[in-house]
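Down below is the structure, laid out as structure tokens.
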């Protein structure tokens, strides 16, 4: 058995496999299918200062190699999370990381401050890349000054590991990554979904109530892989790679491109046990290639 | 209720019409308890266009034989693949998912189960279950024409079967809500599944006669287990997932204009 431990800032992962926000609920939805303590971490559903109802139905459109969603951060708000959800999940033996979103900088700060006090939440993932809300969200992640401002302010307010989730809907993702690093982020995760669209030709109507939504699944993997590679050559902080991972080989490709850890997202819908299969698959790969530690493959792409 | 991921074996794939097949599947392990109205998330293998699992309602369960039936309407490539399964092949399913139809407390309650199109599927298992509990069951099944009335002999086993077809080729001509039964009888409970306009018309009828009415929704889903929040419907409690809070809803919980 190879050493699968990985550190992201002060965050200690038993292995590099984590589940992506919005695809894994609060973890408990998957407890019938897997031993949650076997995975490195769970990024729970996007959380905002106030309850949000999200966008009207239909919020999902299937594509040949993925899906579009326009959920719009439906959640009951951070206070409800702290009072009702946290007590039910805090003793799961893995890292529970809260994805934080907002419409204004103050909302991000206020939500992050409330999460500071939770002993079993070792990190937050600042979502500056949600394409499905009218105000805030992706607007913070597609402009360097806006990204700098929100990360700087949240960094002051939040003491534990701060991960910033980047949007692929930009001309140059490395510019945003550098700004986020300069303002004190401990790590970046990328990519969030790609802004996309689906149309029903028969009815001549958009499929999503919001017309556009975010594309995820294997369709986006090559783009995500390219962006992880670019960011790995632009910043020193660790990268968490995600975007269309369907199996252990995909996960290993992200690590070779420079990701220290990965998140599995859309694939959870098709195989609720996929996360633990990735842990086993990565371990098997390391043994087969004679690596003693998973950290040996981070950024180990051979471009000679 | 615990959820399970099972590889079921196809025992028989019976072509009912050009558009419908009946899949009879056997579980190598003992089937868990599954209640009428619940559904399964079925994995589709080998499709170049269908990426997600397909939510399919439980048509019938035979616990003695450890068999489960799916009634499948071929709509897209996903359901086409399912319609092409051969005996001996495996089908990966997650079940049981969602809530279930309720059982009236008064065993003398008069019940009507109204289904249209593929929406008749969950009503067979519901009717069988209610009959076993001592209720008198009435089915009202609607379709375009006689060839689209599916599995009639199966429904006959568990109750009185009334039929409407749009072309009048079987039963009474017209929509289910125009059937003479609705004028001549009164009902305490109405269960319905089918196209949304049909269910809204049924809900309006139920409201008029003050019957309790439960509808089964068929919103498109990704996960089926309440994680992705894609399948929501607007309810008196805001947006709720059809896969976990439903698929069965009492109409008083929905914000339907009826």
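Brief remarks on what is shown
- Conditions (1) out of contact with any helix residue (DSSP H, G or I) (no Cβ under 9 Å at 6 or more places or on another chain); (2) surrounded by fewer than 21 Cβ atoms within 10 Å (Cβ to Cβ); (3) more than 14 Å from every other protein chain (Cβ to nearest Cβ): number failed by residue A:5: (1)
- In summary, residue A:134 fulfils each of the numbered conditions (1) modelled with pLDDT of 95 or more; (2) under 30 Å from residue B:219 (Cα atoms) with the single exception of condition (1).
- Extreme residue, farthest from the other protein chains (Cβ to nearest Cβ), among residues of the range A:222-247 that are surrounded by fewer than 21 Cβ atoms within 10 Å (Cβ to Cβ) and closer than 30 Å to residue B:44 by Cα: A:226
- Scanning the range A:84-124 for residues that are surrounded by fewer than 21 Cβ atoms within 10 Å (Cβ to Cβ) and closer than 26 Å to residue B:231 by Cβ yields A:84, A:86, A:88, A:89, A:92, A:103.
- All positions within the range A:62-82 that are more than 10 Å from every other protein chain (Cβ to nearest Cβ) and either on the phi > 0 side of the Ramachandran plot or surrounded by fewer than 17 Cβ atoms within 10 Å (Cβ to Cβ) (or both): A:77, A:79, A:80
- Qualifying strands (runs of 3 or more DSSP E) (wholly inside the range B:21-91; at least 2 residues being closer than 23 Å to residue B:248 by Cα, away from chain A (no Cβ under 14 Å) and modelled with pLDDT of 95 or more): B:54-57, B:60-62, B:67-73
- The one condition in (1) buried (at least 22 other Cβ atoms within 10 Å of the Cβ); (2) touching a helix residue (DSSP H, G or I) at 6+ places or on another chain (Cβ under 9 Å) that residue B:256 fails to fulfil: (1)
- Scanning the range B:153-169 for residues that are in a helix (DSSP H, G or I) and crowded, with 20+ Cβ neighbours inside 10 Å turns up B:155, B:158.
- Counting the residues of the range B:232-245 that are surrounded by fewer than 19 Cβ atoms within 10 Å (Cβ to Cβ) and within 8 Å of chain A (Cβ to nearest Cβ) gives 2.
- Screening the candidates A:37, A:21 for the property of being more than 10 Å from chain B (Cβ to nearest Cβ), closer than 28 Å to residue A:219 by Cβ and at pLDDT 95 or above yields one hit, A:21.
- Some residue of the range A:197-204 being in contact with a strand residue (DSSP E or B) (Cβ under 7 Å, 6 or more places away or on another chain), within 16 Å of residue A:143 (Cβ to Cβ) and crowded, with 17+ Cβ neighbours inside 10 Å: no
- Odd one out for residue A:51 among (1) under 20 Å from the mean Cα position of the chain (by Cα); (2) surrounded by fewer than 20 Cβ atoms within 10 Å (Cβ to Cβ): (1)
- If only residues of the range A:205-227 that are free of Cβ contacts under 8 Å to residues at least 40 places away in the same chain and in contact with a strand residue (DSSP E or B) (Cβ under 8 Å, 6 or more places away or on another chain) are counted, the one that is farthest from residue B:221 (Cα to Cα) is A:225.
- Each residue in the range B:170-184 was checked for being part of a loop (DSSP other than H, G, I, E, B) and surrounded by 13 or more Cβ atoms within 10 Å (Cβ to Cβ), and 5 pass.
- Filter pass, residue B:229 being within 14 Å of chain A (Cβ to nearest Cβ), on the phi > 0 side of the Ramachandran plot and crowded, with 19+ Cβ neighbours inside 10 Å: yes
- In the set (1) in contact with a strand residue (DSSP E or B) (Cβ under 7 Å, 6 or more places away or on another chain); (2) crowded, with 19+ Cβ neighbours inside 10 Å; (3) closer than 16 Å to residue B:37 by Cα, the condition left unmet by residue B:129 is number (1).
- Contact map, the range B:110-129: residues that are modelled with pLDDT of 95 or more paired with residues that are surrounded by fewer than 24 Cβ atoms within 10 Å (Cβ to Cβ) and assigned to a helix (DSSP H, G or I), Cβ distance under 6 Å, separation 6+ or inter-chain. Pairs shown: B:116/B:198; B:124/B:154; B:127/B:158; B:128/B:158.
- In the range B:204-258, counting only strands (runs of 3 or more DSSP E) that sit wholly within it, the ones holding 2 or more residues that are within 22 Å of residue B:113 (Cα to Cα) span B:212-216, B:248-250.
- Evaluation of residue A:133 against (1) in contact with a helix residue (DSSP H, G or I) (Cβ under 7 Å, 6 or more places away or on another chain); (2) crowded, with 18+ Cβ neighbours inside 10 Å (one fails), failing number: (1)
- Any hit, the range B:203-216, residues being out of contact with any helix residue (DSSP H, G or I) (no Cβ under 9 Å at 6 or more places or on another chain), away from chain A (no Cβ under 11 Å), on the phi < 0 side of the Ramachandran plot and without any contact (Cβ under 8 Å) to a residue 12 or more places away in the chain: yes
The values are calculated or read from the model by the stated rules, or taken from the named source; none is laboratory data. The shown structure was predicted, so the numbers you read here are calculated from the model rather than taken from an experiment. All Cβ positions, glycine included, derive from the backbone under ideal geometry; neighbour counts span all protein chains shown.
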